[in-house]
Amino acid sequence: MRRLWPLTVRGTGALILAIACFVLANELGLIELVYFGILLCAVLAASIASLYLTRRTESISRSLSPDVPSVGRDANVTVRVSVRTAVPSAQGRWSDTVPRGLTGRAQGSFPALGSGLRGGERSVELRYSVTGARRGIHSLGPLTVTSSDPFGLARRRNVLGDRTRVTVAPAVVDLPALSSFIGDTGGTLHSTTNQLGQGSDNLIARPYAPGDSMRRIHWRATAHRDTLMVRQEEQESAPEAVVVLDRGVLRWSPEAMQAPGADAAFETAVSACVSVVSRLVHDGYTVEIIDSDGTALAEPIEGGDVTEVEALTVQLATLTARRDDHLTRLPHLFTSLMTGPVVIITGRFDPRDADALAPVVHHSALPVLLAASASGDALDRAADDGWRTAAIDADVDLAAAWATAVDRGVSHALQ
């Protein structure tokens, strides 16, 4: 930051006038001009001293609402500055340093303050708004306050070095509900309507349907009826879904490993991940979020638990890509597993990947594949295998892409 000239326009004019008085006094032989020039210099020195020699203590704190802004959403910032000054100060200017991960105009007028000799600290509140621009953790600050003396001759720039860490979460897009498919994929709405008008016997056990967990099999009823039966009450509370976010760096650009927000395609994928999880949780699914190598990216989120969805967005704020590529090994994770929706979100995707993922279709009631960069006829081949596919490049409308994928309906049943 360049050094600030200590005099205002008025003070600079007074200094020029003092110099002119000394020059004219020598030329004209008027001693009075020397006295006047000395007086001006004394006033300027006193003005500077009032800013630099008088003790002035300041502290700063910031608060945001909401605490964690997401990409594309606004947050209101309140800056509280505690000031104690021995002499009155005129109105000044303030500006707060906004990092690249946020955008906003953080500057304004700093109010004039009276002498604080008889009182304690005075608190000044400054307000502005910022918009999340890049996922990750960023630092607001430092705050710069430019103040002047009561005569407006001198000025001082105070840089308050306190910084505030701000977490910018990935954007959460409101996706269309799965209401058209809940009857086949094990969602809560289906479970509720399926009970209407039925007797208590049917609430204990019912025939197995795609999306039911093996843990819910009612073995006694299965032996009695010679067909797989599941506990109805458990189906009401915990229909399951799996969301797979492929973090393998070979699917993205190398920048995706370096820092959040560096790869636009990876950012779209992370946003798609939290948006899909939010949609499924709202629809009543217990959602498991994993990497393509099977590593859990978060604890499973129970259906309807919106608070945990918000916590997930914070957790994924610093997520980056990783080394290695395990997408083609994903079918091994679903061996002997039967579940509801399985949503795979990946980057580069070619026909060989489509062939490798084909077995997963037979373990899901609603297999959905979202790819940021599909080559050749990879998505068409995956669709032929039974995937509900959509492309999600950096400029895509996620809601429209999701609707495109799921609007084809559910036609797969487990064998």
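The values are calculated or read from the model by the stated rules, or taken from the named source; none is laboratory data. Predicted, not measured: the structure shown is a model, and the values here were computed from it. FYI the Cβ positions are ideal-geometry reconstructions off the backbone, even for glycines, and counts take in every protein chain you see.
Here are the numbers for the structure shown:
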| item | result |
| --- | --- |
| Residue in the range 353-371 that is within 18 Å of H282 (Cβ to Cβ), among the small types (G, A, S) and surrounded by fewer than 19 Cβ atoms within 10 Å (Cβ to Cβ) present | no |
| One residue from R127, R80, R134 being of a type in the set (D, E, K, R) and either at pLDDT below 95 or assigned by TED's automatic domain parsing to the domain that holds D263 (or both) | R80 |
| Some residue of the range 34-45 being closer than 30 Å to L143 by Cα and touching a residue at least 24 places away in the same chain (Cβ under 8 Å) | yes |
| Flag if I392 is within 24 Å of the chain's Cα centre (by Cα) and within 28 Å of D212 (Cβ to Cβ) | no |
| Hits in the range 280-305 (condition: of a type in the set (A, V, I, L, M), more than 24 Å from A356 (Cβ to Cβ) and either surrounded by fewer than 21 Cβ atoms within 10 Å (Cβ to Cβ) or in contact with a His (Cβ under 9 Å, 6 or more places away or on another chain) (or both)) | A298 |
| In the range 199-236, residue modelled with the highest pLDDT [restricted to those that are in a loop (DSSP other than H, G, I, E, B) and surrounded by 12 or more Cβ atoms within 10 Å (Cβ to Cβ)] | L228 |
| S336 vs. criteria over 30 Å from T167 (Cβ atoms) and surrounded by fewer than 16 Cβ atoms within 10 Å (Cβ to Cβ) | yes |
| Strands (runs of 3 or more DSSP E) completely within the range 60-176 that count 2 or more residues being surrounded by 21 or more Cβ atoms within 10 Å (Cβ to Cβ) and either touching a strand residue (DSSP E or B) at 6+ places or on another chain (Cβ under 6 Å) or among the polar types (S, T, N, Q) (or both) | 74-85, 92-96, 122-132, 136-140, 143-148, 164-168 |
| Test: V276 is under 19 Å from the mean Cα position of the chain (by Cα) and under 19 Å from L398 (Cβ atoms) | yes |
